[in-house]
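Here the structure is laid out as C-alpha cells; the discussion comes afterwards.
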Amino acid sequence: MYYVALDDGGSSGVRFGCNDSLVAVHTADPSIREPLQAAMSQLLSEGRTPTPVGLYSALDASALQYVSGYFDGATVVVNLTGSVQPGGACDIPRIEAQLTHTAVTAVGAIRAEIYVDGVRLADVLSLR
C-alpha cells in the first residue's frame with residue numbers, strides 16, 4: 001500500500017503532486033489470498049487499517065470499495081464502487097497516486113486503469 005508524506009519534498013519516497021512523497025508501506029492480510037484484492041481492500045478500509053504515524057491517506061474521506069480486478073501481464077485493471085471525496089486540490093494527485101501505485105505494485109504491472117462505478121478515475125477526479 002502507498003501513503004503520502006505531506007510536503008516533504010521527496011525525502012521519504014517518490015516526489016509528486018504538492019511537494020509530497022509517495023511512501024510504500026508493506027502489510028499483509030492472510031485472510032485474502034489474491035494480492036490485488038488484499039492490497040486494495042486494505043488501502044480502502046476506513047478505520048480498520050490505521051494510517052501509519054507521520055503519513056497521510058487522501059482516501060480517508062472517500063467511501064470506496066474494491067469490486068474486482070485483473071492483470072493481463074502489463075496492465076492491471078481495478079473496478080471500485082462508491083464515492084471519491086478529495087479534501088482539497090492537493091488530494092487529487094494523492095488519491096490517484098495511492099490507488100495506482102498500490103494496484104501496480106500488488107501484481108507487478110507496468111500501468112493501472114482504475115474505474116469508479118465504471119468511470120475512469122482520472123475522469124472522476126477531473127469532475128471535482
Item to complete: Would you be so kind as to identify which of Gly69, Asn79, Thr51 lies farthest towards the positive end of the dipole of the chain, taking Lys and Arg as +1 and Asp and Glu as -1 on Cβ and the Cα centre as origin?
Response: Gly69
Worksheet entry | Student exercise, region 2-126 dipole from Lys, Arg, Asp, Glu Cβ charges, in Debye to nearest 20 | 180
Item to complete: Describe numerically, in nm with one decimal, the distance between label points set 7 Å from Cα along Cα→Cβ at Gln65 and at Ile110.
Response: 3.4
Worksheet item: Which residue, Asp72, Asp60, Asp91, has the most motion in a Gaussian network model of the chain that connects Cα atoms within less than 10 Å?
Response: Asp72
Worksheet item: Taking neighbour counts of Cβ atoms within 10 Å as a proxy for exposure, in what order, fewest first, do His101, His26 appear?
Response: His26, His101
Worksheet item: Is the shape of region 2-126 best called rounded, prolate or oblate, per the rule: a/c under 1.5 gives rounded, else a/b larger than b/c gives prolate, else oblate, with a ≥ b ≥ c the square roots of the Cα gyration tensor eigenvalues?
Response: rounded
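Every number here is computed from the coordinates shown, using simple stated rules; none is lab data. A quick note: this is a predicted structure, and the numbers were derived from the prediction, not measured. Methodologically, a virtual Cβ is constructed for each residue, glycine included, from the backbone with ideal geometry; neighbour enumeration extends over all protein chains shown.
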